[in-house]
Amino acid sequence: MMRKITVVGAGHVGATLAQRVAEKSLAREVVLLDILEGIPQGKALDEWQAGPVEGFDTRVVGTNSYGAAAGSEMFLMTAGIARKPGMSRDDLVRTNVDIVKAVSQEIKAVAPNAMIIVVSNPLDVMCWVTKEVTGFPRDRVFGMAGVLDTARYRTFLGEALNVSVEDIQAMVLGGHGDTMVPLISYTTVSGIPVTQLMDRATLDKIVDRTRKGGGEIVSYLKTGSAYYAPAAAAAQMAEAIVLDKKRILPCAAYLQGEYGLSDIYLGVPCKLGQGGLEGIIEVELSKDEKAALKKSADSVKETIDLVKL
Ligand code: APR
């Protein structure tokens, strides 16, 4: 258990995430921080009072001040605006760069040794902003996207195959957007290659629905974007670190030569444990998968190039 984990942003994703972190008893104290007065305080008090029912002793504290976050071992960054119908994640870039930059400066000041898991979108670009502003090493700044994209992919596969989602192993790599790369060659059901269980046309439809998974939810919600599965995914990453599980999960990581790419954040298989991002695993990719990953990297790089810090 950590001593203190701070969730920045008490909106849909942040508040849900704080609740999951408390329910999993990942820290003695969970700080929920937002610029809106009263919102983090009210939500935190409400979440804390679920403790006796859910069986956790984690104290959930709401605040508008970074003083309360001082000394946190981990920050979960969810501050920023969410998508509305017709918007891509990249449309959020101007507003969210300013927000994530401001938050990163505050984190650096109050918790220079902390680990930061970024959730704000466009994810790969926000990870880059966080790293640039804090100057933290890559093992302490990484992002949540692949776990969510993989969860969507596994959900749709489980439904189509009528099997438990728990038995589906898969990886979705690349940027968190329409160019993401679900790896069909590494998708198995208890070790059985998925291509032996499903025809290619059905698989292609599922891959397409996965790529557009976030947009499908935005088009229903109209006033915001997904938050239950994103919060669950970020909580799983936090849990892997707090419990030093050495889990292999797809995360947005800063690449320094891996996959032939450098100075860019992109979704790749990572090992998560006590040390944060403890390693990046380079897997063999087919020619098509390599090309798709390169295309995804180009698209992330294009957006990064537009950012002025
Ligand atoms: N510091 C702290 N909190 C901030 C700041 C800031 N500088 N700027 C904005 N916020 C807060 C807002 O006040 C709001 O409460 O961030 C919260 C965002 O909450 P929502 O609007 O509900 O958005 P949410 O659905 O939680 O998405 C947050 O996560 O998944 C991504 O794309 C999503 O970028 C978006 C982020």
Let me know the Kirkwood hydrodynamic radius for the chain, please, with Cα pairs as the basis and the value in Å to one decimal.
19.4
Beyond a 20 Å Cα-Cα separation, which of these cross-linked pairs lie in this structure: Lys101/Lys245; Lys131/Lys301; Lys245/Lys271; Lys108/Lys131?
Lys101/Lys245
Backbone HN-Hα couplings from phi across the stretch 26-34 [Karplus 6.51/-1.76/1.60, Hz, Gly and Pro as x]
7, 8, 5, 9, 10, 9, 10, 10, 8
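Measure off, as a whole percent, the carbon and sulfur share of the 1.4 Å-probe accessible area of the chain, all protein chains present.
With neighbouring chains kept in place, the figure for the chain is 50 percent.
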Assuming R0 = 25 Å, what is the FRET efficiency of Ser164 and Asp91, from their Cβ-Cβ distance, to the nearest 0.05?
0.10
At a Förster radius of 22 Å, what calculated FRET efficiency corresponds to the Cβ-Cβ distance of Leu197 and Ser286, to the nearest 0.05?
0.70
Just to be sure I understand the model, the point goes 7 Å from the Cα along the line to the Cβ. What's the resulting Ala232 to Lys212 distance in nm?
2.3
Where does helix 200-211 land angle-wise versus the long Cα axis of the chain, in degrees 0 to 90, nearest 10?
20
Given H placed 1.01 Å from N in the peptide plane, which residues other than close sequence neighbours of Lys245 have an amide H under 5 Å from its amide H?
Gln274
Compute the orientation-averaged projected area for the stretch 146-304 from the convex hull of its Cα atoms and round it to one decimal in nm².
9.9
Cα-Cα longer than 30 Å, checked against Lys205/Lys290; Lys287/Lys308; Lys84/Lys294; Lys222/Lys294, kept in input order, equals Lys287/Lys308; Lys222/Lys294
At a probe size of 1.4 Å, how large is the accessible area of Val97, to the nearest 10 Å²?
10
Just the isolated ones, please: cysteines in the chain lacking another cysteine beta carbon under 4.7 angstrom.
Cys127
Taking the simple approach of a point 7 Å from Cα along Cα-to-Cβ for both Leu243 and Met1, what is their distance in nm?
1.5
Within a Gaussian network of the chain (alpha carbon springs, distance under 10 Å), most fluctuating of Leu183, Leu221, Leu148
Leu221
Taking the chain as a Gaussian network, where each spring joins two C-alpha atoms under 10 Å apart, which residue of Asp204, Asp124, Asp91 fluctuates the most?
Asp204
For Ala102 and Asp57, calculate 0.36 nm times their separation in residues minus their Cα-Cα distance, and state this gained length in nm to one decimal.
13.1 nm
Can you tell me, using C-alpha contacts under 8 Å and at least 6 residues apart, the relative contact order of the stretch 146-304 as a whole percent?
24
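For the chain, what is the accessible area per residue in Å² when the probe is 1.4 Å? All intermediate terms of the calculation are to be shown ahead of the outcome.
Values: 13760 Å² over 309 residues.
Solvent-accessible surface per residue comes out at 45 Å².
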Running a GNM on the chain with Cα contacts under 10 Å, which residue among Gly276, Gly191, Gly135 ends up with the highest mean-square fluctuation?
Gly191
Where both residues lie in the chain, what percent of DSSP beta bridges are antiparallel, nearest 5?
50
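The values are calculated or read from the model by the stated rules, or taken from the named source; none is laboratory data. No experiment lies behind these values; they were computed from the predicted model shown. FYI the Cβ positions are ideal-geometry reconstructions off the backbone, even for glycines, and counts take in every protein chain you see. These accessible areas exclude ligands, DNA and RNA; they are computed on the full protein's heavy atoms, side chains included. Shrake-Rupley method; radii C 1.70, N 1.55, O 1.52, S 1.80 Å.
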